[in-house]
Structure formats: C-alpha cells, structure tokens
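Novice: The structure under discussion is supplied below as structure tokens; questions concerning it will follow.
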Amino acid sequence: MYSETSSVKPLIYIMLLNLVGAALISIHYGGVNLEAIILTGAICLVSIISYAVVSLAELGDAYIYLIISVLGSVGGIMQTRIKPEYGIRQLKWFLVGTLCYFAAMLLYRLLNKWLHKLVPLYFGISVALFVATQLFGKTSHGSLNWIVIGSLSFQPSELIRIFFVLSLAAVFTAPVPDKYKDRLRLKPQHIRLLVASFITLVNVGFLILQREWGITLLFFAAYFFFLYVYGASRYYLLLNCFAAVGVGLFGAMRVSHIKVRIDTWLHPFADASAKGYQITQSLFAIGEGGMAGRGIGEGSVYFIPEVHSDFIFSAICEEMGVVGGLAILMLYFVLVYRGFKIALACTNAYNKAVAFGLSFILGLQTFIIIGGVTKMIPLTGITLPFVSYGGSSMLTTFAACGILQAISGNKEEITDEIQ
C-alpha cells in the first residue's frame, strides 16, 4: 500500500519555483507583470489544495499531481514569457485540467467494476469522433485533426487515445465469453488478438486517412506494447513489425509532407531558410543555451516557429540551459516510473493493464516530441504534456493521470508500498 506520510517540502519547492519565475518575468517586461503573478499564485494555490485533498483523503500516490504542478509551472512561466496572454490561457487550461483530473479519478473509481465491459462504447465513441473529424474537421499543418465549434476547438484524437487504452486493456484481460469460443472455434488468446488487431486497424486507418502520422505512431506503439506484454507469439509480433514498416515506407514515399519532414530531418541545413528553418532554429536555440541557459527573457525564442507549442522544449533549453532541459526530462521519467510502479503493485488485471498503457503512452509522447526538436527523429507535431500550449492535450493528459491516481488509491488492489 502507498505510504500515507505527507510532506510540505515539495510544496515549498513549487512555490519557490513560481516565485522566481514571476520575478524573472517581471524583470524581463520591465516592471511588475500582473499575468505572471496571477499565473504563479493560482498554480501554487491549486497545488496546495490538490495535494492536501489527495494526502488527507488518502487517495493514493500523492506525488503524481505534484509532478504535474512542477511541469505546469514551468510551462506557464515559459508561456507568459513568450506572450502574457498565452500564460493566462494556459492557466485556464491548467485549472480546467485539474477539474478533469479529479473528475476522471472519481468516475474511474465509481465505474471501476463495469469499465472492462464497455469496449463497444469506447469503440463507438472513437469511430463517431473520427467520422465527425473527417466530415467537419479543420486541417492544420497538413493533418485533418481539429474540430472547431465557434471560438472553441479540440483535437478528438487526444480523447480517443484514452478510449483506445481502455479498450485494449479490456480485450487482453477480460474473460472471453463461451459463445464466442464456440462460434469462432478459436482459443481465447487468438480471439483477443483478432479483436485487438481490429480495433487498432480501425483507429490507425482513420488516423492515416486524416494524415495524423505522429498520433498513428503513438497508437501502433501502444498496440505493439500490449502484444508484447500479454504474450503474443514472436511470429505475430514480426508480422506487425513488417506491416508497420510497410505503412511507414508507403507514407515516406507517397505522402508529401512526410517526405519533407524526413528530408528535413536528414538534411536540415540544406535548406535552412525554408524547409529546415524549424529544426535548425531549434538546434541553434538549444546550442545557445549551453549548460546553464541565457536566463528567462534573455533568449531569442521568437525566432523559433511554433515556440509556444511544438518547440517549447527548445525555448526551455535556451533560457534554462541543458540542465533545465534535463530536469524536465527527469520529471517525466519519474512520472512514468510511478505510473509503471502503480501497474506493478496493482492486483486487478484490468487496472494493471490500463496503468501500463497510459504510462507507456505518456512516456512515448514525451520521447517523440523531444526527439523531434533535438533531431533524434523526424518532427511529428505532438505536444509536450503539461508544458506546451493547448487545451485538448492538457485536458486529456490530466484525465489520464487522474485515472492513474484512481488506480493507485484503491487500497484493496495495491499491495506494495511505493515511496
């Protein structure tokens, strides 16, 4: 069971981080910056209240939300430094995300006994969202991935990824009804593989149709992760590898914006003023930051395209240095680590699979975006959780972590103490 010991030290560190951030932003803008004070003060207050609720009510791992608070603080400080309006909007999403966090935790705990039976519902909602995006969606950066309703916009694939994990977790852990065994005359393991492959094929098919290749990689990797963890044969794993390579090669040869991204990844300086401008500016910014950084407000972040969203990590490295960038990476590592520890400590098969899947996706998403801006892999346009500007990604990632919180708080199913 989780240790019930709480400490105020993490909260003190969060308050110091926000205090220093507000001071540096005010210095940058040449006077007291109201947006920075509102942002940092609100994040500190919400962090204190949330930590108190989780700790005093013994709702599980008290450090999940604390890590999110630090990441949200860094993201909010950087957004305010880039543009004060961004910081206020980011704060709004952080506050709404916190509500989503506790709402997801509460709903998961209330519906826990039935969630593994709702695969048709998850699949139906996912298909409906994909179809709505296909019919009414808006194209952004070559991908048909946004639905706009008045002044609001959201990315359906962000929500679908949670349904996808919930579906695969149920498929690989729930008992196969006898009627399907008799009708299909297959072993339960084979039925599970067929159902999981069908769900994945439909989801990935829609994502390819909408040219969401970065999210496609995320979905397929999660599917492959489940296959590996739940004992698919090596031949089935190889078959899926060959299929993934084939689809990847097709995209690289036939889809124009993927060809551009791969060419830019391989030869960024060949056309540094046009096609390679994003990645070269990102590399310049990281290099300019050095180990200690140039200081908040002292970098040239405005030369980096999409600095508030896709390339926020580059701005962090320029102004906080490689040390700051590594600190951010360690926070993600600890968050994913705690997610895996929750899964390992859980005795309920379905909840264990959900915790594994959500933690894996969070870690892979972080690797994909940081790998893209540092030229380890081609750019994909995926956002950095809790730090990049945007509502859809932040709300759904908050909800995913809320589910992890719910699983960690079930004392009947958590057997080991996690420090």
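Novice: Quote the Stokes-Einstein diffusion coefficient, in whole µm² s⁻¹, for region 30-86, based on the Kirkwood radius over alpha carbon pairs, a temperature of 37 °C and a viscosity of 0.692 mPa s.
Specialist: In µm²/s, the coefficient rounds to 267.
Novice: Excluding GLY295 itself, what net charge comes from residues whose Cβ is under 14 Å from its Cβ, given Lys and Arg +1 and Asp and Glu -1?
Specialist: Residues close to GLY295 contribute a combined charge of -2.
Novice: P(r) tail for region 270-419, what percent of Cα pairs lie past 20 Å?
Specialist: So the portion of pairs separated by more than 20 Å is 53 percent.
Novice: Go through GLY76, LEU266, GLY246 and say which Cα lies farthest out towards the positive end of the charge dipole of the chain; charges sit on Cβ, +1 for Lys and Arg, -1 for Asp and Glu.
Specialist: Checking the options against the dipole of the chain, the answer is GLY246.
Novice: What's the ranking of 101-112, 299-310, 235-246 by average number of surrounding C-beta atoms within 10 Å, highest first?
Specialist: 299-310, 101-112, 235-246
Novice: Taking the alpha-carbon centroid of each part, what is the distance from region 20-55 to region 98-115 in angstrom?
Specialist: Region 20-55 and region 98-115 have Cα centres spaced 28 Å from each other.
Novice: Let me spell out the model: positive unit charges on the Cβ of Lys and Arg, negative unit charges on the Cβ of Asp and Glu, origin at the Cα centre of region 266-419. What dipole size does that give, in debye rounded to 20?
Specialist: I would put it at about 240 debye.
Novice: Among residues other than CYS100 whose Cβ falls under 13 Å from its Cβ, what is the net charge (Lys/Arg +1, Asp/Glu -1)?
Specialist: After counting each charged neighbour, the total is 0.
Novice: If you place +1 on the Cβ of every Lys and Arg, -1 on the Cβ of every Asp and Glu, and leave all else neutral, what size is the dipole of the chain about its Cα centre, to the nearest 20 Debye?
Specialist: So the magnitude is around 1280 debye.
Novice: On a C-alpha basis, how far is the centre of region 363-419 from the centre of region 243-266 in Å? Whole number, if you could?
Specialist: Here the two parts' Cα centres lie 26 Å apart.
Novice: Given (i) 27.7, 107; (ii) 21.8, 75; (iii) 25.1, 86 as candidate values of Rg and Dmax of the Cα atoms in Å, which corresponds to the one derived from the coordinates?
Specialist: Derived directly from the coordinates: (ii).
Novice: Given the pairs LYS187/LYS259; LYS117/LYS138; LYS83/LYS375; LYS9/LYS341; LYS9/LYS92; LYS138/LYS341, which span a C-alpha to C-alpha distance of over 31 angstrom in this model? Walk me through the intermediate numbers first.
Specialist: Values: LYS187/LYS259 42 Å; LYS117/LYS138 33 Å; LYS83/LYS375 26 Å; LYS9/LYS341 23 Å; LYS9/LYS92 26 Å; LYS138/LYS341 39 Å.
As for pairs spanning more than 31 Å Cα to Cα, those are LYS187/LYS259; LYS117/LYS138; LYS138/LYS341.
Novice: Considering only the other residues whose Cβ falls under 15 Å of the Cβ of ILE304, what net charge follows from Lys and Arg at +1 and Asp and Glu at -1?
Specialist: Numbers: positive: ARG81, LYS83, ARG294, LYS375; negative: GLU288, GLU298, GLU306, ASP310, GLU318, GLU319.
It works out to a net charge of -2.
The numbers here are math on the coordinates, done by the rules we state, and not lab data. Treat the numbers as computed from the prediction; the structure is a model and nothing was measured. All Cβ positions, even for glycine, are placed from backbone atoms using ideal geometry, and neighbour counts span all protein chains on display.
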